[in-house]
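Structure record follows, encoded as structure tokens.
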Amino acid sequence: MLQTIAPNIWHTQHEFVANGMRVSSRMTVVRLSDSSLWVHSPVPLSADIRAQLSALGDVQYIVAPNKTHHLFISEYIAAFPQAKIFGAPGLLAKRPDLNALRELTSSVEPEWQEDLGQIFFEGIPFGNETVWFHRSSRTLIITDLCQWWQGDLPLTATIYANLTGVRTRLAVPRTVRWLVKDHHAAQSSARRILQWPFERVVLAHNSIIDVDAHAAVKMAFACFEQ
């Protein structure tokens, strides 16, 4: 079920098994100034979630923020045929069935520019992730770029989180750092994100950080300054 993060922003988590390891992913929903809904990184669309979304507003935008968070897009296209679909550059090569998809760019989409800032994180073409800033709630929305696997985890997930550096604090996972192809571009993108006055961070994996969030991201991004 969707849970409130702050006014006009909600989330829900989905647990699944990947490569034999139980993990979770978070969907974030923003109600824009015109009352339409912006759905980030969709999770499976249950009847309950569909009913909640319909009660909150009209789903107008469905976003696959990088090239790995796209698995359940088709369910939302079927349920909300009026919605526009946006995805990471290069995603269409993986999902040619998403023929209505509009590729995200380095520019903020006019449909949500009053409510959301967006920065395409350059230098990591494997993911081609876009990072978002919800202005009214001062919330940063990150998918895979930064992670913090808190809480009770199965043994395999705990080992993985420790190995990738995301078990005890917010960090850019080692698996992501290994994929950087242009260090200067990544550094520039990180610095631009830190210019936003965010006070909260919502991560796909798996935490929401409400205390010293900006400082935590700055520490995580220190890897790009080395």
*asked:* Can you tell me which condition residue 106 does not meet? The list is (1) surrounded by fewer than 14 Cβ atoms within 10 Å (Cβ to Cβ); (2) modelled with pLDDT of 95 or more, and all the others hold.
replied: (2)
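Only one residue in 180, 201 is touching a strand residue (DSSP E or B) at 6+ places or on another chain (Cβ under 8 Å) and surrounded by 14 or more Cβ atoms within 10 Å (Cβ to Cβ). Which one?
Working: 180 fails: touching a strand residue (DSSP E or B) at 6+ places or on another chain (Cβ under 8 Å).
From the options 180, 201, the qualifying one is 201.
Looking at 193, 209 in this structure, which one is modelled with pLDDT of 95 or more, within 16 Å of residue 25 (Cα to Cα) and in contact with a strand residue (DSSP E or B) (Cβ under 6 Å, 6 or more places away or on another chain)? Quick ask: steps written out before the conclusion?
Values: 193 fails: within 16 Å of residue 25 (Cα to Cα).
Answer to the selection: 209.
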*Taking residue 29 as meeting all but one of (1) of a type in the set (Val, Ile, Thr); (2) surrounded by fewer than 21 Cβ atoms within 10 Å (Cβ to Cβ); (3) touching a residue at least 12 places away in the same chain (Cβ under 8 Å), write down the number of the exception.*
(2)
*asked:* For the stretch 128-145, give me the residue count where each residue is in contact with a His (Cβ under 9 Å, 6 or more places away or on another chain) and either at pLDDT below 95 or not in a strand (DSSP E or B) (or both).
replied: 3
*asked:* Any residue in the stretch 110-130 that is more than 16 Å from residue 143 (Cβ to Cβ) sitting within a Cβ distance under 8 Å of a residue that is among the small types (Gly, Ala, Ser) and part of a loop (DSSP other than H, G, I, E, B)? List the pairs, counting only those 6 or more apart or interchain.
replied: 114/33; 115/33; 115/136
*All but one of (1) under 21 Å from residue 149 (Cα atoms); (2) small (Gly, Ala, Ser); (3) in contact (Cβ under 8 Å) with a residue 12 or more places away in the chain; (4) surrounded by fewer than 22 Cβ atoms within 10 Å (Cβ to Cβ) hold for residue 36; which doesn't?*
(1)
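The values are calculated or read from the model by the stated rules, or taken from the named source; none is laboratory data. These numbers were taken from a predicted model, which means no experiment stands behind them. Cβ sites come from the backbone with ideal geometry, for glycine too, and all protein chains shown count toward neighbours.
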